[in-house]
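J.: Structure below; questions to follow.
The values are calculated or read from the model by the stated rules, or taken from the named source; none is laboratory data. Note that the structure is predicted; figures quoted are calculated from it, not measured. All Cβ positions, glycine included, derive from the backbone under ideal geometry; neighbour counts span all protein chains shown. Side chains are part of the model used for accessible areas, which takes the heavy atoms of the whole protein and leaves out ligands, DNA and RNA. Shrake-Rupley method; radii C 1.70, N 1.55, O 1.52, S 1.80 Å.
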Amino acid sequence: MSAFTVSDGRKRLAAHLADDPDLTEILTRYDRWAPDLWDGLAAVYDASEVLPQVVDVLASVHQDRSPALRQRDRERVLRPDWFQSADSVGYVAYTDLFAGDLQGIRSHIDYLSDLGITYLHLMPLLTPRPGENDGGYAVMDYRSVRPDLGTMSDLSQLAADLHAAGISLTLDLVLNHVAREHAWAVKAKGGDAHYRDYFYIYPDRTVPDALEKNLPEVFPAFAPGNFTWDDEVQGWVWTTFNEWQWDLNWSNPDVLVEFADIIGFLANRGADCIRLDAIAFTWKRPGTNCQNQPEVHALTQALRAAAHIMAPALVFKAEAIVGPQDVVAYLGQGEHAGKVSDLAYHNSLMVQIWSSLAARDGRLLATALSRFRPIPVTSAWATYLRCHDDIGWAINDSDATAVGWDGFGHRSFLADFYAGEFEGSFARGMHFQSNPETGDRRTSGSAASLAGVESALVAGSAATLQTALDRLTCAYAMVFGFGGLPLLYMGDELGLLNDHSYEDDPAKADDNRWLHRPAMDWTRARHDSGVAERVFASIRRLITARKTLPALHASVATEAFVTDDPAVLVFRRQHPAGTLVEVYNLSESTRVIWPGSVAPLDPGPLVEHISGRTIDLSRPVKVPAYAAWWLTAPE
Ligand code: GLC
């Protein structure tokens, strides 16, 4: 029998869907994306063996897709840049901490709309293992909702309501591992060879010991090592994260077919974006650190092409918290350009914003960002100041050297500074996963506590509090003004502080990332006349201004540089829709900016879009502490 080809796949799809009213449409999409699917599969597997199975998934997912979602597909094919536009603003929330359950979220859609949100990432909500579950990232069942949050039908209803309000829904997809209670792992433990091959299991320490030589530890403090002995499988299981998170064997094509089906399932419940959790770890290559391997991108290309055929309304967001030299590949470089994830977290920008505020100096930020390779014009960075994870001080040694700093020294400074241990520090965070072997220390803490709001409230000084609030707004202005999809982390719009209540919960006490996962404070959100109201007003002002500036569309890059004064940072966006020049004072003292700094804008009166004022840059101008200005030429 001759090998199965792309055109055999088309015939198979047409046969499955012979009676489907949208047959022509899906075949047109197949013609468009099947070559990408094939190339992705062929880079890793025997594509002629895997393609027929993927085609079966495409057909069944399409059959299960509702008329409303099929219409959404048509709209998104006509507006593929929906997540890139200046109008797009994201919000990230835990369902329970934000609103109790999925029904509760439905009753808070007006809050999100009022804030200008167009994209909602609900943190892991699929059924996790009982007990400790890494904030839901140890999934036991990808096809059911965590029971206390609701049901799959609640999720579909919520998605429909969000869509009606102009809000897209993002769900997590944990690709690298499943909970050891997941049905696949249970079958492997029961001796089923088919499922045993879904995991990496070794009879003794020979291979694990060899692999460990090159593997870093993600959670050295509470989950040292990368392998865990399991009595039931009688073997060492690869467990990069916690010992109850079993890494999947993506070299087995059955794993890919399972995930193609899960992606289709979630898309059909109304997901618009899938967050590819810990994607950097999915391909293992002995002798390497087993992150960022080229096969990861081939597999993503195959999955995305499949998604575009069965549910083109869906986009992918890569969660690859890796160095600047590796992260760009997740948006597509070389043969994968424009064919992998549509969005990727800009971890470096986040780290550099915090670094620049601690140092009162934008040179390292400007140097690091200027070294980024360009991303496809169809993709976008997801920009953020805080998320549910710790901050790893990913400062590149060569970037630090370029500005005359020592990389290790600066990383240590940042860890101390944001833990509040550096003399004079405004921050109140905590160390996360201190690793005595490497000297690496990461940081937990809420945006407001890290930006100085907590220490200012303790000090009781109105002036210090104002400075801290301005610092927080300045940081968020960089996030909203960078171009790309800005993500507001739940509670940051109210300046919520660190929450120590996790220390009393045995399932959370070991993991101080819960410090910055406070529950939403609805009393303060609606009635507070202090910090919450002031932060909320500032954030809303940024969002409103952002939406009026087409130059923030993600399709062009931001240039970053400092003026003669390293504390005055400039972002410049030269977009066909107009040029936007942004000025940030990274310090608590007044600085001066000279007319030439805002080139190519002509010196003279400029419109500042956050405040609505005119700023005359025909002569040197004072820039107040932590000012953030978004400037364009007058109309
Ligand atoms: C991602 C999540 C993090 C989790 C890890 C393992 O990095 O953001 O919270 O611990 O993946 O799933």
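J.: For segment 154-293, take every pair of Cα atoms, bin their distances at 10 Å starting from 0, and report each bin as a whole percent.
T.: 12, 37, 30, 15, 6, 1
J.: Grab the alpha carbons of segment 183-247, take their convex hull, and tell me the volume per residue in Å³.
T.: For segment 183-247, the hull spanned by Cα atoms encloses 76 Å³ per residue.
J.: Viscosity 0.692 mPa s, temperature 37 °C: what is the translational diffusion coefficient of segment 226-278 from Stokes-Einstein with a Kirkwood Rh over Cα pairs, rounded to a whole number of µm²/s?
T.: After rounding, the answer is 250 µm²/s.
J.: Further question on the same structure: Provide the FRET efficiency to the nearest 0.05 for the ARG143-ALA459 pair, computing r from the beta carbons and using R0 = 45 Å. Mind dumping the intermediate values first?
T.: Working: r = 51 Å, r/R0 = 1.13.
With a Förster radius of 45 Å, E is 0.35.
J.: State the extension gain, in nm to one decimal, for the chain segment bounded by ARG619 and ALA42, taking 0.36 nm per residue of separation less the distance between their alpha-carbons.
T.: Fully extending the segment from ARG619 to ALA42 adds 201.6 nm.
J.: First measure r as the distance between the Cβ atoms of SER60 and GLN333, then evaluate 1/(1 + (r/R0)^6) with R0 = 30 Å and state the FRET efficiency to the nearest 0.05.
T.: Efficiency, rounded to the nearest 0.05: 0.35.
J.: What share of all Cα pairs of segment 506-545, in percent, falls into each consecutive 5 Å distance bin?
T.: 6, 19, 17, 17, 16, 12, 10, 4, 1
J.: Further, regarding this structure: Quick check on segment 57-204: of the DSSP beta bridges with both residues there, what percent are antiparallel, nearest 5%?
T.: Rounded to the nearest five, the antiparallel share is 30 percent.
J.: On a 0 to 90° scale, report how tilted helix 531-547 is relative to the longest principal axis of the chain, with both axes built from alpha carbons and the result rounded to the nearest 10.
T.: The helix 531-547 is inclined about 70 degrees to the chain.
J.: Nearest 20 debye, what's the magnitude of the dipole of segment 557-632 about its Cα centre given +1 on Lys and Arg Cβ and -1 on Asp and Glu Cβ? Could you put the intermediate results ahead of the total?
T.: Numbers: 6 positive and 8 negative charges, 19 e Å.
Computed about the Cα centre, the dipole is about 100 debye.
J.: What do you get when you divide the Cα radius of gyration of segment 47-146 by 2.2 N^0.38 Å, with N the number of residues?
T.: Compared with the compact-globule rule of thumb, segment 47-146 sits at 1.39.
J.: A further question on this structure: For the chain, give the magnitude of the charge dipole about the Cα centre (Cβ charges: +1 Lys/Arg, -1 Asp/Glu; no others), in debye to the nearest 20. Working shown, then result.
T.: Numbers: 54 positive and 82 negative charges, 351 e Å.
It works out to roughly 1680 debye.
J.: If each residue of separation counts as 0.36 nm, what is the full-extension length gain between ALA165 and GLU423 once their alpha-carbon separation is subtracted? Write out the running numbers ahead of the final one.
T.: Details: separation 258, 0.36 × 258 = 92.88 nm, distance 4.75 nm.
So the extension gain works out to 88.1 nm.
J.: Restricting to bridges with both residues inside the chain, how much of the DSSP beta-bridge set is antiparallel, in percent to the nearest 5? Display every interim value, and only then the final one.
T.: Details: 42 of 69 bridges.
Bridges in the chain are about 60 percent antiparallel.
J.: What Kirkwood hydrodynamic radius, in Å, does segment 557-632 give when the mean of 1/r is taken over all pairs of distinct Cα atoms and then inverted?
T.: This gives a value of 12.2 Å.
J.: In Å², and per residue, what accessible area does the chain have when probed at 1.4 Å with the other protein chains present?
T.: Each residue of the chain exposes 36 Å² on average to a 1.4 Å probe.
J.: A further question follows. So the label point goes 7 Å from the Cα of GLU503 along Cα→C-beta, right? Which residues of segment 389-423 then have their backbone N under 20 Å from it?
T.: Within reach of a label on GLU503, which here means backbone N under 20 Å from a point 7 Å along Cα→Cβ, segment 389-423 contributes 390-391, 416-422.
J.: I need the Kirkwood Rh of segment 337-431: take the reciprocal of the average 1/r across all distinct C-alpha pairs and report it in angstrom.
T.: 14.4 Å
J.: Still on this structure, I have one more. Mind pulling the per residue volume of the convex hull built on the Cα atoms of segment 479-594? Å³ is fine.
T.: Spread over its residues, the Cα hull of segment 479-594 gives 161 Å³ apiece.
J.: If each DSSP helix of 4+ residues adds -39,500 (n - 2.57) and the sum is divided by the residues in the chain, what number results at 222 nm, nearest 500 deg cm²/dmol?
T.: -11000 deg cm²/dmol
J.: How large is ³J(HN,Hα), in whole Hz, for each residue of segment 130-144 in order, when computed from phi with the Karplus curve 6.51 cos²θ - 1.76 cosθ + 1.60 and θ = phi - 60°, using x for Gly and Pro?
T.: For segment 130-144, the Karplus curve yields x, x, 4, 8, 6, x, x, 8, 10, 8, 9, 8, 7, 10, 9 Hz.
J.: Where the accessible area of the chain is counted over protein heavy atoms with a 1.4 Å probe, how much of it, in %, is carbon and sulfur? If you can, show how the numbers build up before the last one.
T.: On the way: 12030 of 22900 Å².
For the chain, the apolar C and S fraction of the accessible surface comes to 53 percent.
J.: Here is a further query. Which is farthest toward the positive dipole end of the chain among GLN333, MET478, VAL607, measuring Cα position about the Cα centre, with Cβ charges +1 (Lys, Arg) and -1 (Asp, Glu)?
T.: Going by the charge dipole, the pick is VAL607.
J.: Kindly list the residues of segment 31-67 that lie in the label zone of VAL77, defined by a backbone N under 12 Å from the point 7 Å along the Cα-to-C-beta vector.
T.: Correct set: 31-33.
J.: At SER2 and GLU437, where each label point lies 7 Å from the Cα along Cα→Cβ, what is the point-to-point distance in nanometres?
T.: A separation of 5.5 nm, rounded to one decimal place.
J.: Provide the three semi-axes, in whole Å and in decreasing order, of the ellipsoid equivalent to the chain as defined by the square roots of 5 times the Cα gyration tensor eigenvalues.
T.: The answer is 40, 29, 24 Å, longest axis first.
J.: What is the P(r) of segment 91-160, as percent of Cα-Cα pairs per 10 Å bin from 0?
T.: 21, 54, 22, 4
J.: ASP510 to GLN234: extension gain in nm, 0.36 nm per residue of separation minus the Cα-Cα distance?
T.: Between ASP510 and GLN234, full extension yields 96.6 nm more.
J.: Ok, one more. Express the Stokes-Einstein translational diffusion coefficient of segment 415-551 in µm² s⁻¹, to the nearest whole number, given a Kirkwood radius over alpha-carbon pairs, 25 °C and a viscosity of 0.890 mPa s.
T.: D = 153 µm²/s.
J.: Still on this model: In the chain, with Lys and Arg counted as +1 and Asp and Glu as -1 at Cβ, which of these residues, THR523, LEU414, GLN84, has the Cα nearest the positive end of the dipole, that is, farthest along it?
T.: The listed residue farthest towards the positive side: GLN84.
J.: If you average 1/r over all unlike Cα pairs in segment 6-78 and invert the result, what Kirkwood radius do you get in angstrom?
T.: About 12.8 Å for segment 6-78.
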